[in-house]
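Presented below is the structure to which this report refers.
The values are calculated or read from the model by the stated rules, or taken from the named source; none is laboratory data. Nothing here was measured: the structure is a model prediction, and the numbers come from that model. FYI the Cβ positions are ideal-geometry reconstructions off the backbone, even for glycines, and counts take in every protein chain you see. In case anyone asks, the SASA skips ligands and DNA or RNA and just uses the protein heavy atoms, side chains included. Shrake-Rupley method; radii C 1.70, N 1.55, O 1.52, S 1.80 Å.
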Amino acid sequence: MHNRARLITASFLVKDLYLDWRLGAQHFWSLRVDGDMANNSGNWQWVAGTGNDTRPNRVFNPLRQADRLHPRGDYVRRYVPELAGIEGPRVHRPWDLGPERITIDYPEPIVDHAEAAAEFRRRRSPGSGD
Ligand SMILES: Cc1cc2nc3c(=O)[nH]c(=O)nc-3n(C[C@H](O)[C@H](O)[C@H](O)COP(=O)(O)OP(=O)(O)OC[C@H]3O[C@@H](n4cnc5c(N)ncnc54)[C@H](O)[C@@H]3O)c2cc1C
C-alpha cells in the first residue's frame, strides 16, 4: 500500500470518522507485511495530529487527492473490483453516476467529507471544549 494511500486512509479514519488513531494502527499492524511499530505508530500519530506534524489540523481530501494523483482513475479500477467497469475519472464519484448507478453494487458515501473536515476543525479550535 503506497504511502500516500496510507496517509489518506489514516486521515479519513481519524479526521472524517473521528475514530482513535490507535484503532487504525492496530488494524494496519494486523495486516501489514512491512509492519514496524515505530513507523506505524509514528506515522499514524503524524496523520492524527498527536505526533510531530507541524500542521495537526491537516485533513486530506480523498477526492482532491484522487483528482490530483490519479486523475484517470486506474488505481480505483485496479483495487476496487465493484468499480472496475466504470470508465474514466467518473470512477472516483460512483454516487454521481446517474442511471448507471443501479448497475453497480456499491454503497453510498458514509460521510460528507466537507462537513466532516469542518466539524473536525471546529472540534480542534480553542474553546470548542471537545
Ligand atoms: C498510517 C501509516 C502507517 C505506516 N506504517 C508503516 C509500517 O508499519 N512500516 C513501515 O515500514 N512503514 C510504514 N509507513 C511508512 C511508509 O508508508 C512505508 O514505509 C512505505 O510506504 C513502504 O513502501 P516502500 O518500501 O515502497 O517505500 P519507499 O518509498 O521505497 O521507501 C523505502 C523505505 O523507506 C522507509 N520509509 C519510507 N517512507 C517512510 C515513512 N513515511 N515513515 C517511515 N519510514 C519510511 C521504509 O523503510 C521504506 O521501506 C506508514 C505510513 C503511514 C502513513
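Some observations on this one:
- Ranking TRP44, LEU31, LEU97 by Cα position along the charge dipole of the chain, where only Lys, Arg, Asp and Glu carry charges on their C-beta atoms, puts TRP44 farthest toward the positive end.
- Helices in the chain, meaning DSSP H runs of at least 4 residues, each add -39500 (n - 2.57). Divided by all residues, the mean residue ellipticity at 222 nm is -13000 deg cm²/dmol.
- Solvent-accessible area per residue, Å², over the chain with all protein chains present [probe radius 1.4 Å]: 66 Å²
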